[in-house]
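The values are calculated or read from the model by the stated rules, or taken from the named source; none is laboratory data. Just so you know, these numbers come straight off a predicted model, no measurement behind them. Here the Cβ positions follow ideal geometry from the backbone for every residue, glycine too, while neighbour counts run over all protein chains shown.
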Amino acid sequence: MALLQISEPGQTTAPHQHRLAVGIDLGTTNSLVATVRSGDAQTLPDEQGHHLLPSVVRYAETGIEVGEAAVEHAVIDPSNTIVSVKRLMGRAAGDLKSLAESSPYLFSTSESAVPKIHTRSGDVSAVEVSAEILKTLKARAVATLGDDLVGAVITVPAYFDDAQRQATKDAARLAGLNVLRLLNEPTAAAVAYGLDTGQEGIIAIYDLGGGTFDISILRLKQGVFEVLATGGDSALGGDDFDHTIAEWILEQSGSKKVPSASLVRLLKREARSAKEQLAHVDEVNIKVETGDFFWQGSLSRSQMRTLIEPLIKKTIMACRRSLRDADVTTEDVLEVVMVGGSTRTLAVREMVGDFFQREPLVSIDPDKVVAVGAALQADVLAGNKPDDEMLLLDVIPLSLGIETMGGLAEKIIYRNTPIPVAKAQDFTTYKDGQTAMAVHVVQGERELVDDCRSLARFDLRGFPSHVAGAVRIRVTYQVDADGLLTVSAREENSGIEASVDVKPSYGLTDSEIETMLRDSMDHASDDMHSRMLREQQVEAERVVEALDAALKKDGDELLSDEERNNIAQARVQLLEAKAGDDAESIKAAIKTLESACADYVARRMNSNIRNAMQGHSINEYAGKDQE
Amino acid sequence: MAITLTEPAAERVKGFLKNRGKGIGLRLGVKTMGCSGMGYVIEFVDEINPDDEVFENNGVKVIVDKKSLVYIDGTEVDFAREGLNEGFKFNNPKEKDQCGCGESFTV
C-alpha cells in the first residue's frame, strides 16, 4: 500500500498523477533538497538522517563520491576532491587565474573557453561537478518520494550573472532534472517566511554561511520581489569565527611553537564546538589535548562576543552600504530574515537586530530556510496549488511587442507583467493574395519600432492566398519563469506555424532598461503623435489600394465621367495629405474620399449581389432559411 | 463502526494542521479514479458539509462523507515510514484488491 500525503481541500490528485517537485539549495559548502508534503515544506534527509549534503565531489578510483564520503578524503586526496565548486560556475578560463593560484586543483589548459579541472577520471568542468551534487540530491528525492519528479526549483545567489545562471541550469539538465525555474536565494528565504503574501515594503536578507556573507535588500511590491541591492563578502563566514577562537585558545595556552597542521585542525574543531554550544549556554569548558599540546579552560559568551565582534562589524558595514545602494534607511526595513548556520550565533543576531532596530526572523532553521522557500515555490510551479495562490516573483522589465504596418510597435505583453505569462493576439493580412507575414519581435515602451530594441525576426510563409483581411494569424508571446520568450505565429486555417526563442534580458543592464523607460516618458507625446500619423498613413494607403483595385474592375461600368473625376480628385488630395505629417488632415481626406465614393460603393454592392443571384430564384434562398 | 487514526497518525495530523495555520480536521474518503477503480482521498478540512460524519480520534476530527463511508468503514489510518519515505497508510478491511503501486483499490 502506498503512503499517502494530505492534500488541500478538493485538491486530491488521481493516483499516478502526483506532481512532485523539489526545491534545491545548491550551496557553496552544503546543499539541501526539500519538498512540500501534506502542506508542509521540509528538507529531505539521507539514509543516515543527514539533511545537509556537503557540496564536495571526489573522483575516486572506485567511482564518484559526493558528500560526507568525499569530505573525509579531502585531506588525503585534495587534487581529486573538489570543494566549493559553486565559486567556479559560469567563469571563463581567464577569471580563474587568481582562483587557480590558491586552489589545489590542476586546471587543464584546454582550448575551450570553459576551464576544466584535471582529475584522475579526466578533465571535468564546474558544471559537471555540480551535476554530480544535483544527481545525489535527485536520487535522495526520488527515494523519498517514490515517484517521478516533475521538476526542481534551484536557488542561486542574487548577484549571479546570466552565465552563472546558465551554468547552473546546464548542471541541472546534466543531472536529469527539469528546472522549473531558478530562484534568488534571498527571495527563497523571504518566501519561506511567507513574506510574499505579507505587507509590501523593504525586506533585508542577512545570509552568513560558513565561508561567505551576503546581504540582499529586496522590495516586495504587488507580490513581486525586486532585488534593490546586494552586497557582502565572499571570504567571511562562520569559519572565520572558528579561526579567531582557535587563535585565542592558542594564545591562552602560551605555546610559542608554530602549530602543526593537525593541531590547527583540532583547535578549529574545538573552537567550532565551543561556538555552537555558546548558542545555548553562557559558558563552555574547552579541553585540547594532543601530542605535546595541552590546554584547558573556559570561554564565556561575552568573551566570544568580544573576539568575533570585529568580524560581525564587517557584515554590518556591508549592510549599511547595501542599504545606501538601495537608497533606503533602516527605518524602511520591515523584516530582517536570517539565513545561514552562522546566524545561530547569538552575538550575530543581537548585532543585526541592533543595527536594523528590529527582531530578526529566526524561527526557521537558517541552514534550511532557502531550500524550504524553494520547495514552496516548486510546489506552486508544479501546479499543486490553485491558480490564485500563484506566487508572483518576477516581472517583465520592458514591454514586448510586434511590428505592425507602418513601423508601429504593437505591445503584446506590457511591462511589469508578472511571469510566467502567455498572451496571444490575432493579426490578418494587409493585401489581397498575401501568403507570407514577417514577424518582428521588439522590446520597449516607444510607439515606433525604430525607437524600440529589435529582438528577433522570422517569417511565416506559405499560407493559402485570400483577400486582405480574411486570413487569421495568431501570434503568441510566451515568457517562461526564467524570462525566456518564445514567439510563435500560426495561420489558423492551414495550421502553418513558425516560432523563435529569445532571451529578452540578454545583454541589457539595469541602467539601459532605465534609459529605455525614461525615453518613453520623455517622448510620450511625440510618440503618440507619430503613432496617430502612421496609423492614418497606413489607413490611407489601404483605402487607396482598395479603391484602385475596385476602379480597375468595374469603374468604367458603374461610374459616370463626372463621378470618376470627383473620386480621382479626392484620391489625389488624400495622397497629398498622406505625404504630410498631420494625422488629422489625412483622416479628413480619407472621409472626403469615402463620401465621394459612397454611391459607387453602394452600386458595387448591388451589382455584386445581382451577379451572385443571377439565375437563381428567390425561393431558393427562402428555402435555405427553412432548412 | 467507525474510522480510527492511530496515535502517531493523529500527532502528525495535528502538526500539519498547526503548520497550515487553519483547518478543522482531516477528510478521508474515496474517489473513483486510478487503475483499480478507486483511490483514497486525504485532505485538510476547512468546512464540514451536511452529509459528513465526524469521528473524533486522539484529539483529531476525522471527517468522512456518507457516500465514502460505505467503502472505508472500519478503516484504521496509520502513519508509517518506509525507507526514506513517510506518509499515511489506510488499513481498510473492505479492500479486496490493489493496483500494483497500491495507490488505487477495489472493494
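In region B:73-89, the residue that is nearest to the other protein chains (Cβ to nearest Cβ) out of those that are surrounded by fewer than 17 Cβ atoms within 10 Å (Cβ to Cβ) and assigned to a loop (DSSP other than H, G, I, E, B) is B:Gly83.
Which of the residues spanning region B:70-88 are in contact (Cβ under 8 Å) with a residue 60 or more places away in the chain and in contact with a strand residue (DSSP E or B) (Cβ under 8 Å, 6 or more places away or on another chain)? Those that are in contact (Cβ under 8 Å) with a residue 60 or more places away in the chain and in contact with a strand residue (DSSP E or B) (Cβ under 8 Å, 6 or more places away or on another chain): B:Ile72, B:Thr75, B:Glu76, B:Val77, B:Asp78, B:Phe79, B:Phe88. Could you tell me which residue of region B:13-23 is modelled with the highest pLDDT, considering only residues that are over 14 Å from A:Ser7 (Cα atoms) and either at the interface with chain A (Cβ under 8 Å from one of its Cβ atoms) or part of a loop (DSSP other than H, G, I, E, B) (or both)? Here the answer is B:Gly15.
Determine whether B:Asn57 is away from chain A (no Cβ under 14 Å), surrounded by fewer than 21 Cβ atoms within 10 Å (Cβ to Cβ) and polar (S, T, N, Q). Criteria met by B:Asn57. Can we say B:Asp46 is modelled with pLDDT of 85 or more, surrounded by fewer than 20 Cβ atoms within 10 Å (Cβ to Cβ), touching a Lys or Arg at 6+ places or on another chain (Cβ under 8 Å) and within 11 Å of chain A (Cβ to nearest Cβ)? Yes: the conditions hold for B:Asp46.
The residues in region A:174-194 that are in contact (Cβ under 8 Å) with a residue 40 or more places away in the chain and more than 14 Å from the chain's Cα centre (by Cα) can be counted, and the count is 9. Quick check on A:Ala60: is it over 26 Å from the mean Cα position of the chain (by Cα), at pLDDT 85 or above and either more than 14 Å from chain B (Cβ to nearest Cβ) or closer than 30 Å to A:Ala158 by Cα (or both)? Criteria met by A:Ala60. Against the criterion of being within 7 Å of chain A (Cβ to nearest Cβ), crowded, with 19+ Cβ neighbours inside 10 Å, assigned to a strand (DSSP E or B) and small (Gly, Ala, Ser), B:Gly29 does not qualify. Checked against (1) touching a helix residue (DSSP H, G or I) at 6+ places or on another chain (Cβ under 7 Å); (2) assigned to a loop (DSSP other than H, G, I, E, B), A:Lys431 meets all criteria but (1).
Take the residues of region A:46-80 that are small (Gly, Ala, Ser) and under 14 Å from A:Leu137 (Cα atoms): which is surrounded by the most Cβ atoms within 10 Å (Cβ to Cβ)? Selected residue: A:Ser55. Does A:Ala69 meet the test of being over 18 Å from A:Ser125 (Cβ atoms) and either part of a loop (DSSP other than H, G, I, E, B) or within 14 Å of another protein chain (Cβ to nearest Cβ) (or both)? Answer is no for this residue.
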